[in-house]
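Reading through the structure tokens given below for one structure.
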Amino acid sequence: MARLAEVLAAAVMLAAGLLKIWDPPGFALSIARLQVLPHPMLGAAAILVPWIEVAGALALLAKPPWRPAGRAVVAGLLLLFTAVLLAAPGSSSCGCFGVEGGVLARRDVSLLRNVLLLAGLALGLKHDQRRNVKELVGHPD
Amino acid sequence: MTRRVAILLAAAAALGATSNAFHPRGLSWSRPLGPELRARAVKAGLVPLGLDDVRRHLKEGKVLFVDARKPELFEIGALPGALSVPWKDVEEGRVPKLPPKDRPLVLYCDNEWCEYSLRLGTWLLERGYRDVAVFIDGYEAWWNADGAPR
């Protein structure tokens, strides 16, 4: 269950990142519409954020040594996106999937999705911690 | 874990910079939307103008500048002789006084991140206006270059 939630979070993040990479001006426009970032930072954010999403998602799908790092990156991004959405004045769309995104990019839907994905990541973290404790108990040396 | 997070971020930054350099619609790091808005204006049938064109038109005085920003911003400052036609009003069905159809128009809003002039231009073209241009860099570019008191 915990792993499934993490795979789901990674899949959403991967899809969102790839859609933004496909259309950089569209993503730049979406974040400009949010009116949260200062203009000089829009270019860098539009160029870098999608690749951080992809890198985090791939690490979350990878083997355990990379998984916690991927979880941290994806969780950090989700927290950042949630804060941006809460701070964005009167935004109706999050730009999470590029310039359009339909119902999935709606502000309320995005906030709910972020909370659910964060909960999934928390489940994964808890699962890993339990497994680590079990391994320690199983190998007390 | 911190080291791996740093590796992931560094890899993402390297991939982002490389992919942007080779992407056919790659962005400028400092002005990400300028070229894209220009292309969209052309596609919509509008003539994109730069700051030098605007300076020339201001000198010649033949075109009518149309300010698509909110009225409160227009009140604070606008291009000389501009007419205020706020896109927000048009979008919400409160159509303000429209510019005459027999004069060439140059629309503008805040800057290259603002789409109001592009949308207003498209709306005017649909209503039979023929000679409509858009000052892509917008009021801020003119203000920073020529408008601010020295």
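Selection of segment B:1-53 for residues being open to solvent by less than 40 Å² (accessible area, probe 1.4 Å) and either among the hydroxyl-bearing types (Ser, Thr, Tyr) or more than 9 Å from chain A (Cβ to nearest Cβ) (or both) yields B:Ser19, B:Gly34, B:Ala41, B:Ala44, B:Leu46, B:Pro48, B:Leu49, B:Gly50, B:Leu51. Checking the structure you have, find out if any residue of segment B:91-105 is within 26 Å of B:Arg31 (Cα to Cα), at pLDDT below 95 and either out of contact with any strand residue (DSSP E or B) (no Cβ under 6 Å at 6 or more places or on another chain) or small (Gly, Ala, Ser) (or both). Looking for residues that are within 26 Å of B:Arg31 (Cα to Cα), at pLDDT below 95 and either out of contact with any strand residue (DSSP E or B) (no Cβ under 6 Å at 6 or more places or on another chain) or small (Gly, Ala, Ser) (or both), one finds none in segment B:91-105, hence no.
Scan B:Ala78, B:Ala41 and give me the residue that is within 15 Å of B:Gly138 (Cα to Cα), outside any helix (DSSP H, G or I) and of a type in the set (Gly, Ala, Ser).
B:Ala78
For segment B:71-101, residues that are farther than 17 Å from B:Val132 by Cβ, surrounded by 12 or more Cβ atoms within 10 Å (Cβ to Cβ) and without any contact (Cβ under 8 Å) to a residue 24 or more places away in the chain total 3. Checked against the criterion of being in a helix (DSSP H, G or I) and among the charged types (D, E, K, R), the candidates B:Asp110, B:Asp146 yield just one match: B:Asp146. Within segment A:19-42, residues that are among the small types (Gly, Ala, Ser) have Cβ atoms under 6 Å from residues that are assigned to a loop (DSSP other than H, G, I, E, B) and modelled with pLDDT of 80 or more in these pairs: A:Ala28/B:Leu27, counting only partners at least 6 apart in sequence or on another chain.
When segment A:54-70 is limited to residues that are more than 8 Å from every other protein chain (Cβ to nearest Cβ) and either in contact with a Ser or Thr (Cβ under 9 Å, 6 or more places away or on another chain) or over 9 Å from A:Ala10 (Cβ atoms) (or both), the one that is surrounded by the most Cβ atoms within 10 Å (Cβ to Cβ) turns out to be A:Arg67. Cβ-Cβ contacts under 7 Å between residues 6 or more apart (or on different chains), taken from a first residue in segment B:36-54 that is within 10 Å of B:Ala133 (Cα to Cα) to a second residue that is part of a helix (DSSP H, G or I) and open to solvent by 50 Å² or more (accessible area, probe 1.4 Å), are listed as B:Pro48/B:Arg38; B:Pro48/B:Val42.
Within segment B:92-123, the only residue that satisfies the criterion of being within 28 Å of A:His39 (Cβ to Cβ), of a type in the set (D, E, K, R) and over 17 Å from the mean Cα position of the chain (by Cα) is B:Glu92. State whether one or more residues within segment A:85-99 are over 19 Å from A:Leu4 (Cα atoms), open to solvent by less than 40 Å² (accessible area, probe 1.4 Å), assigned to a helix (DSSP H, G or I) and at pLDDT below 90. So far as segment A:85-99 goes, yes, one or more of its residues are over 19 Å from A:Leu4 (Cα atoms), open to solvent by less than 40 Å² (accessible area, probe 1.4 Å), assigned to a helix (DSSP H, G or I) and at pLDDT below 90.
Of the residues that make up segment A:29-36, is at least one facing chain B (nearest Cβ under 9 Å), in contact with a strand residue (DSSP E or B) (Cβ under 8 Å, 6 or more places away or on another chain) and part of a helix (DSSP H, G or I)? Among the residues of segment A:29-36, at least one is facing chain B (nearest Cβ under 9 Å), in contact with a strand residue (DSSP E or B) (Cβ under 8 Å, 6 or more places away or on another chain) and part of a helix (DSSP H, G or I), which makes the answer yes.
Whenever a residue of segment B:1-28 is basic (Lys, Arg), its partners that are at pLDDT below 90, lying with C-beta atoms within less than 9 angstrom and at least six residues away or across chains, give the pairs B:Arg4/A:Pro65; B:Arg25/A:Asp23; B:Arg25/A:Pro24; B:Arg25/A:Pro25; B:Arg25/A:Gly26; B:Arg25/B:Pro35; B:Arg25/B:Glu36; B:Arg25/B:Ala39.
When the residues of segment B:103-136 are filtered to those that are more than 19 Å from B:Val54 (Cα to Cα) and not aromatic (Phe, Trp, Tyr), the one that is surrounded by the fewest Cβ atoms within 10 Å (Cβ to Cβ) is B:Gly128.
The values are calculated or read from the model by the stated rules, or taken from the named source; none is laboratory data. On a predicted model such as this, the values are computed, not experimentally measured, just so you know. Glycine gets a Cβ as well: all are built from the backbone with ideal geometry, and neighbour counts include every protein chain shown. Accessible surface areas use protein heavy atoms only, side chains included; no ligands, DNA or RNA. Shrake-Rupley method; radii C 1.70, N 1.55, O 1.52, S 1.80 Å.
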